[in-house]
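The values are calculated or read from the model by the stated rules, or taken from the named source; none is laboratory data. Values in this document were obtained by computation on a predicted structure and should not be read as measured data. Cβ atoms come from the backbone with ideal geometry, glycine included; neighbour counts cover every protein chain shown.
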Amino acid sequence: MIELKHVTKTFASKEKDVHACKDVSLTIHDGDIYGIIGFSGAGKSTLVRCINLLERPTSGEVIIDGVDITKLSEKELRKVRKKIGMIFQHFNLMPSRTVAQNIAYPLKGSGLSKQEINKKVDDLLELVDLKEKKDAYPSQLSGGQKQRVAIARSLASDPTVLLCDEATSALDPQTTQSILNLLKEVNKKLNLTIVLITHEMAVIKSICNQVAVMENGSIVEQSNIYDLFANPKQQVTKNFVMTTSSMNKLYEMIESNSPLIQVKENEKLILLNYANNNADKALISEVSRNFSVDTSIVFGNLEVIDHRPLGSLAIIIGGESVNVDAAIQYFESYGVKVEVLK
Amino acid sequence: MLDLLNLLIPNVMSNLNSMWIAFLQTIQMVFFAGLISAIFGVFFGTVMVVTRQGGIMECKPVWWVLDKVVNLFRCIPFLIMAIAMAPVTRMIVGTSIHVIGAIPPLVVATVPFFSRQIESSLLEVDPGLIEASQAMGDSPMQTIFRVYLKESIPGIIRGSSITLIALIGYTTISGMLGAGGLGDYALNHGYFRYKDDVTLFVIFILLLITTLIQSFSDFFCKKTTH
Ligand SMILES: Nc1ncnc2c1ncn2[C@@H]1O[C@H](COP(=O)(O)OP(=O)(O)OP(=O)(O)O)[C@@H](O)[C@H]1O
Ligand SMILES: [Mg+2]
């Protein structure tokens, strides 16, 4: 378990101090894939570097498995660091060493014999699916392959935590997905806690189970992944959620008065926000039948997050206005949030 | 062949022995001064990198002093330094002439030069690698040896060859101050006796040595760059 308690980091400079992290407190449980999202300069990298003390907090505690590591000696700290893997946006592989030598790098002085190290390197290469590149140099690899090597290297000393600072930001979407799948796999297989920093909500959506949103050095919102998407509270969070949804198209259509969403008299354009398990009930057809209203779906965005459905549906509903209102109430009685757009 | 050489460089051929001795003296000066300078240069160059602001063993006073001392020594022309430090040289090795007397000033001139070469090579190491090394739990010493020095080998080779060539230049000045070697040979056997072929031949040898150093350097740079 990782606990940050009131972590503050201030960079002093001549003109003015930069408050990269302001009183950040959060708890990361074993086995979590914990995402921290924020715009550039929000302080994400600084925060994640505080977890292995590459950056020493100006104040606050960093407690890992009950031990406040800010109080440890340099030597003890190095021991802790060996149990915290880290991967980077630009991979940071040693260019003069082969893939195998890079992976074996953290094993020097670990007391393992040459054969044991070889075996371990082979196993890790197998895990990241790069056996045929064993003797290649980093310059001969693609970005995705380099990140795989970096992951293998970070796992070599059997860490319990893996810190990922924008680990997929230099990769194309497909490669990003394959790296995320690999991270998910090692999370399951090795029960590895993963702390992942990103500015892409899609990354968060595809692997995290807990999320913190960071803005100007502070955590402004923190929740499990589903609630964050279903119920974003802060404006930044809403904006981030928007980036992975196609719902902004709907708002564009409303703004430009698109013919697709023209409502006639006795009609209303409403937005249904589904959450949790009400998406599997045949609400729309039930409503048409029971309240003698006409419904037509004009826009939708449905997805499954953390094995739970989540979606928004824009429908045009028409009929006697009493019936329409009753239908809306019916939706709401099933926990569907209804927003009348027009 | 021999006839041709006798024709081209008669005054070298007539006294091959002194040419050979001069050559060996130069080699001796370069070898010993180079070896000692390499050790100190790597040491001071590395210290300047790790103690600077943001370095892995940040220590501003040490960096400041080293930086200034290196600058000071680099701005003194070699000839003047060799003369000025003659008393010190005599204290260290007992004499300020011969090959042995040339070594201390050569080292004092070469170390700052080589330190800067090492410094600039190490500064070229991607800071991301240093960060990765620290994140993996390396001690500062491990970071120095396993990342800074290991990852900048091509740069160190290049810096060494530049330094070596500069060092050969210094030895010719030492020659004028009684150390012997090719500089002394060109001056005393060539210039003062109006034997231009001797001087030209020395140039030829220096060209050969320089080309050789450059080729070795290129070869090893290539081999160590992946
Ligand atoms: N070593 C440093 N010295 C001074 N200021 C720093 C230092 N490192 C970071 N900062 C400042 O701290 C703030 C947060 O930086 P940080 O790198 O943590 O942001 P980030 O959220 O990771 O951004 P990005 O997405 O661009 O990587 C920025 O304003 C940055 O300029
Ligand atoms: Mg960053």
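Considering the range A:36-71 alone, what residues qualify as being of a type in the set (Ser, Thr, Tyr), away from ligand 2 (no atom under 11 Å from the Cβ) and in contact (Cβ under 8 Å) with a residue 40 or more places away in the chain?
A:Thr58, A:Ser59
Being within 16 Å of ligand 1 (Cβ to nearest atom) and under 21 Å from A:Ala314 (Cα atoms) narrows it down to one residue among A:Phe229, A:Phe240; which is it?
That would be A:Phe240, the only listed residue that is within 16 Å of ligand 1 (Cβ to nearest atom) and under 21 Å from A:Ala314 (Cα atoms).
Quick one: which helices (runs of 4 or more DSSP H) lie wholly within the range A:61-148 and hold at least 2 residues that are among the charged types (D, E, K, R)?
Result: A:74-82, A:114-127.
Do we have any residue at all in the range A:78-86 that's within 16 Å of ligand 1 (Cβ to nearest atom), within 14 Å of chain B (Cβ to nearest Cβ) and either surrounded by 14 or more Cβ atoms within 10 Å (Cβ to Cβ) or on the phi > 0 side of the Ramachandran plot (or both)?
yes
If you take the residues in the range A:159-174 that are modelled with pLDDT of 95 or more and more than 16 Å from ligand 2 (Cβ to nearest atom), which one is surrounded by the fewest Cβ atoms within 10 Å (Cβ to Cβ)?
A:Thr160
Any residue that is modelled with pLDDT of 95 or more and more than 14 Å from chain A (Cβ to nearest Cβ) - is there at least one of those in the range B:172-183?
Scanning the range B:172-183 turns up no residue that is modelled with pLDDT of 95 or more and more than 14 Å from chain A (Cβ to nearest Cβ).
List every residue pair whose Cβ atoms lie under 9 Å apart, where the two residues are 6 or more positions apart in sequence or sit on different chains, the first residue falls within the range A:5-19 and is within 14 Å of another protein chain (Cβ to nearest Cβ) and within 16 Å of ligand 2 (Cβ to nearest atom), and the second residue, located anywhere, is among the small types (Gly, Ala, Ser) and outside any loop (DSSP other than H, G, I, E, B).
Close Cβ pairs satisfying both conditions: A:Phe11/A:Ala20.
Any idea which of A:Ile28, A:Ile87 is away from ligand 2 (no atom under 16 Å from the Cβ), in contact with an Asp or Glu (Cβ under 8 Å, 6 or more places away or on another chain) and not polar (S, T, N, Q)?
A:Ile28
Might you let me know whether the range A:18-38 holds any residue that is in the same structural domain as A:Pro232 (by TED's automatic domain parsing), among the acidic types (Asp, Glu), more than 23 Å from A:Pro159 (Cβ to Cβ) and modelled with pLDDT under 95?
no
What single numbered condition from (1) among the basic types (Lys, Arg); (2) at the interface with chain B (Cβ under 10 Å from one of its Cβ atoms); (3) surrounded by 13 or more Cβ atoms within 10 Å (Cβ to Cβ) fails to hold for A:Lys120?
Just one mismatch for A:Lys120, condition (2).
Tell me whether the range A:153-169 contains one or more residues that are more than 14 Å from chain B (Cβ to nearest Cβ), of a type outside the set (Gly, Ala, Ser) and in contact with a strand residue (DSSP E or B) (Cβ under 8 Å, 6 or more places away or on another chain).
Within the range A:153-169 (the criterion being more than 14 Å from chain B (Cβ to nearest Cβ), of a type outside the set (Gly, Ala, Ser) and in contact with a strand residue (DSSP E or B) (Cβ under 8 Å, 6 or more places away or on another chain)), the answer is yes, since at least one residue qualifies.
Show me the helices (runs of 4 or more DSSP H) entirely contained within the range B:95-178 in which 3 or more residues are surrounded by fewer than 20 Cβ atoms within 10 Å (Cβ to Cβ), among the basic types (Lys, Arg) and more than 16 Å from the chain's Cα centre (by Cα).
Where helices (runs of 4 or more DSSP H) fall fully within the range B:95-178, none carries at least 3 residues being surrounded by fewer than 20 Cβ atoms within 10 Å (Cβ to Cβ), among the basic types (Lys, Arg) and more than 16 Å from the chain's Cα centre (by Cα).
Restricting attention to the range A:40-55, report how many residues are within 6 Å of ligand 1 (Cβ to nearest atom) and either part of a loop (DSSP other than H, G, I, E, B) or at the interface with chain B (Cβ under 10 Å from one of its Cβ atoms) (or both).
4
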